[in-house]
1. So, with a 1.4 angstrom probe, what is the percent of accessible area on region 22-99 that is carbon and sulfur?
2. Please get the size of the charge dipole for the chain, origin at its Cα centre, with Cβ charges of +1 on Lys and Arg and -1 on Asp and Glu, quoted in debye to the nearest 20.
3. Go through region 176-193 residue by residue and turn each phi into a ³J(HN,Hα) via Karplus (6.51, -1.76, 1.60, θ = phi - 60°); whole Hz please, and just put x for glycine and proline.
4. In degrees, nearest 10, range 0 to 90: what is the angle between the Cα axis of helix 37-46 and the longest Cα principal axis of the chain?
5. Highest mean first, what order results for 60-69, 117-126 on Cβ atoms within 10 Å?
6. Give the carbon-plus-sulfur fraction of the accessible surface of region 152-230 in %, rounded to a whole number; probe 1.4 Å, heavy atoms of protein chains only.
7. Rounded to the nearest 500, what is the chain's calculated 222 nm mean residue ellipticity when only DSSP H runs of at least 4 contribute -39500 (n - 2.57) each, over all residues?
8. Tell me the label only: which of (i) 7, 27, 32, 23, 10, 1, 0; (ii) 7, 30, 34, 19, 8, 2, 0; (iii) 8, 28, 27, 18, 15, 5, 0 is P(r) over Cα pairs in 10 Å bins from 0, in percent as calculated from this structure?
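The values are calculated or read from the model by the stated rules, or taken from the named source; none is laboratory data. Just so it is clear, the structure is predicted and the values come from calculations on it, not from any experiment. Positions of Cβ are backbone-derived with ideal geometry, glycine not excepted, and every protein chain shown enters the neighbour counts. Just so you know, the surface numbers come from the protein's heavy atoms only, side chains and all, with ligands and any DNA or RNA stripped out. Shrake-Rupley method; radii C 1.70, N 1.55, O 1.52, S 1.80 Å.
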Amino acid sequence: MNIKVLIVEDDPMVAKFNRHYLEQVEGFEFAGWASTGETAVEMLAAQVIDLVLLDIYMPRTSGLQLLSTLREKGSTVDIIVISAASDKASIRKALQLGAVDYLIKPFEFARFQAALSAYREDYTLMKQQEPLSQQQLDKLLRHPLGTEEDKTAALPKGLSEGTLESIWNTIQQLERPIFSTEDITEDAPISRISVRKYLAFLKDAGVLDMEISYGAVGRPVYMYTVTPVGHDIITKYISGNSR
């Protein structure tokens, strides 16, 4: 049975964009769109919804106000926030109110897919009747303890650990801290399209920062640097000790 999802977003184009992304991920079913918090409350009361994709910047009732109202009413519906709000206060409040994930606009499909895939895994696990083992609970809570196998996070569909490790090793061997896609393809036997896909994933995962540089002819070049926490994050996706 598919996970029923309600999109709460005031911008119809963004809502359509999120629905398109949602329909690319197996196991999920679009159950409706609400452009206001008031409409969302009505729709949640009228049908069974498993997951809400929630924007914070909403007319009249903000996403955080809606989330607070739902919890006061005793609603246990799961929430993934998708918002341009990147201030720590909004993020902290959303997590305190039980949001299971938080995506900052604009985001790449790889990050969206990773969020939904992780949620689907947790949803399936919690639907099982038997009690959880400590190992299962640690995985559910994204706990850093457990076996070495538990420490390796699942990659989005279409990405392989071997290719990711090859690209990461190439990044580590570069003589300069700022690099482009072309810098990677010069040293790694991987196509430019594939390198771009992996760099986009690493950016969304928090391993890399990206900025756009414009050359003499005005052509944009995407430049990357490893974030201060990049070395720690990458170990969740590579089972070896490459750093």
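1. Values: 1940 of 3860 Å².
Taking all protein chains in place, region 22-99 shows 50 percent carbon and sulfur surface.
2. Values: 25 positive and 33 negative charges, 66 e Å.
It works out to roughly 320 debye.
3. Values, residue by residue: 10, x, 9, 9, 10, 4, 4, 4, 6, 5, 5, 10, 10, x, 10, 5, 4, 4 Hz.
4. Result, in degrees: 70.
5. Details: 60-69: 19.2, 117-126: 15.5.
Descending packing order for the listed peptides: 60-69, 117-126.
6. Details: 2290 of 4470 Å².
That share works out to 51 percent.
7. Values: 10 runs with 105 residues, N = 243.
It comes out at -13000 deg cm²/dmol, rounded to the nearest 500.
8. (i)
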